[in-house]
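To start, the structure under review is shown below, and the notes come after it.
The values are calculated or read from the model by the stated rules, or taken from the named source; none is laboratory data. On a predicted model such as this, the values are computed, not experimentally measured, just so you know. As a convention, Cβ positions derive from the backbone with ideal geometry for all residues, glycine included, and neighbour counts pool all protein chains shown. Note: areas computed on protein heavy atoms with side chains; ligands, DNA, RNA excluded. Shrake-Rupley method; radii C 1.70, N 1.55, O 1.52, S 1.80 Å.
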Amino acid sequence: MRRISAHLILDGRGNCYSKGILTIGQDGTILDIEDTGGVLRESAEIEFFSGAIVPGFVNAHCHLELSHMQNSFQSGTGLVSFLKQVVTERTADPDIILQAAEKADILMYRNGIVAVGDIANGTSAFEVKQNSKIDYLTFVEALGFSPGRAGKAFEWVKNCLAIAEIMGLKASAVPHSPYSVSKPLFSAIAREAAMNGTVLSLHSQESIEEDELYLSGSGGLANHLRENLGIDTSFFIPTGESALRSNLKLLPSGNNLLLVHNLYTQESDLDYIESVRGLNKTWFVLCPGSNLYIQNRLPDVRLFKKRFLQICLGTDSLASNHQLSILEEMTLLQVAFPEISMNELTTWATYNGAKALQLDAWAGSIEIGKRPGINLLTGFDLTNMKLLPGTGVRKLI
């Protein structure tokens, strides 16, 4: 049993304790939280740390299997150019993919990440997850814009899910994006999710080209499908609505849904989401490092705050980011939106992600009975409660 304290403890649920004391069992379970009111008596039993204690981070969106593509792409080229490069560059020797995934997994663990919502287009990183100290929920993505491929595409997903189950991994079938999944494939995924109550994930409103595809059948993504992927898109009839409006209604409203990126989300979109499925089971995953890397743009976080959305943080992949650090994602957001409080950022980085991934029974917040992992933020501005350029994270438990 350990008793630890720090200048500040942020519990992930909006509470902040000045020089509070945590009593933690051998397995990492929080046994007691003592609010000292800022008055801490010296004791040999208490380990005191300089900085702020927060729960273990939750990375709500990652692509572990793309870790071998680090530094492969030029930044700022836009989504369509990035997708083209991924298609041409992602194939590599299985050992190289595995070694890079192992390295990335260790890096995330050292960066204080305890749980990850990880995208998989195959099984190449399953072994890493099976042996990891991090708790993974794997989103096995279905890909297939042509309706004629829906059966084979979903069969591939089911095969991956079966392998995940044999390996003891939590996994669910999810659509990749509106521009890569046909209506029949969306329907197959929706039936699977509704039957099993699984968590869903969807790359959403990551580029303006998504709407161009559905509004008129033109634009960069339409060209990408035809020219880079060789798909005959003559079957596709534009809906005349945005990509979000054309596809969101195909997914069951009773399942947790993570909408990822949200770079072009507007208030009218939020009104639509609320009318179709409500906001209670909808989470908005922000990946600022990746967004800046690919498109040099950030979502309208002020709008999201105004609407009190459930915001989570993700790193995306090393193919589209310089690092896999939730602390760095928090810092990027604080610099761009200084009005975001440290309590809000902590909730986005911990509790919201855990709840979205249905891991909040043990992760995401410092509460008695949970074992969320304990991180120490060092080099932290304690007076103004702000992250600094030199703020680091040390994993205590």
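Based on the alpha-carbon gyration tensor of the stretch 105-156 and its eigenvalue square roots a ≥ b ≥ c, which shape applies: rounded if a/c is under 1.5, prolate if not and a/b is larger than b/c, or oblate? Prolate shape, in that a/c is at least 1.5 and a/b is the bigger ratio. Residue pairs exceeding 19 angstrom between C-alpha atoms, taken from 129/183; 281/386; 183/281; 249/305; 129/281; 370/395: 129/183; 281/386; 183/281; 249/305; 129/281.
Divided by 2.2 N^0.38 Å, where N counts the residues, the Cα radius of gyration of the chain comes to 0.99.
Here is what passes the span test in the chain: the DSSP H helices with alpha carbon length of 18 Å or more along the helix axis and a Kyte-Doolittle mean of -1.0 or above are 94-110, 150-166, 183-196. Ordering 358-364, 373-379 by mean Cβ neighbour count within 10 Å, with the highest value first, yields 373-379, 358-364.
The figure for residue 13 is an accessible area of roughly 110 square angstrom, using a 1.4 Å probe on the protein chains alone. All other residues whose Cβ lies under 10 angstrom from that of residue 177 are scored, Lys and Arg at +1 and Asp and Glu at -1, for a net of -3. Mean-square fluctuations from a GNM of the chain, with a 10 angstrom spring cutoff on Cα atoms, peak among 217, 25, 144 at 25. Comparing the stretch 1-91 with the 2.2 N^0.38 Å rule of thumb, its C-alpha radius of gyration ratio is 1.77 (two decimals). Note on surface exposure: 339, 210 rank 339, 210 by accessible area, highest first, 1.4 Å probe. Using C-alpha pairs under 8 Å with a sequence gap of at least 6, the mean separation divided by the residue count of the stretch 246-397 gives a relative contact order of 17 percent. Give me the accessible area of residue 156, 1.4 Å probe, in Å² rounded to the nearest 10. So the heavy atoms of residue 156 present about 120 Å² to solvent. Taking a ≥ b ≥ c as the square roots of the eigenvalues of the Cα gyration tensor, the stretch 41-150 is prolate, since a/c reaches 1.5 or more and a/b is larger than b/c.
Count Lys and Arg as plus one, Asp and Glu as minus one, and take only other residues whose Cβ is under 13 Å from that of residue 219; the net charge is then -4. Averaging the sequence gap over all C-alpha pairs within less than 8 Å and six or more residues apart, then dividing by the number of residues, gives the stretch 167-239 a relative contact order of 26 percent. A simple count of charges around residue 203, restricted to other residues whose Cβ falls under 12 Å of its Cβ and scoring Lys, Arg +1 and Asp, Glu -1, yields -4. Answer rounded, prolate or oblate for the stretch 260-397, using the Cα gyration tensor with square roots of eigenvalues a ≥ b ≥ c: rounded when a/c is under 1.5, else prolate when a/b is larger than b/c, else oblate. Oblate, since a/c reaches 1.5 and b/c is not below a/b. Under 12 Å of direct C-alpha separation, and excluding same-chain neighbours fewer than eight residues apart, residue 133 reaches these aspartates and glutamates: 102, 105. Here the relative contact order of the chain, from alpha carbon pairs under 8 Å that lie six or more residues apart, stands at 22 percent. Ordering 249, 152, 355, 370 by accessible surface, largest first, gives 152, 249, 355, 370; the 1.4 Å probe counts only protein heavy atoms, with every chain in place.
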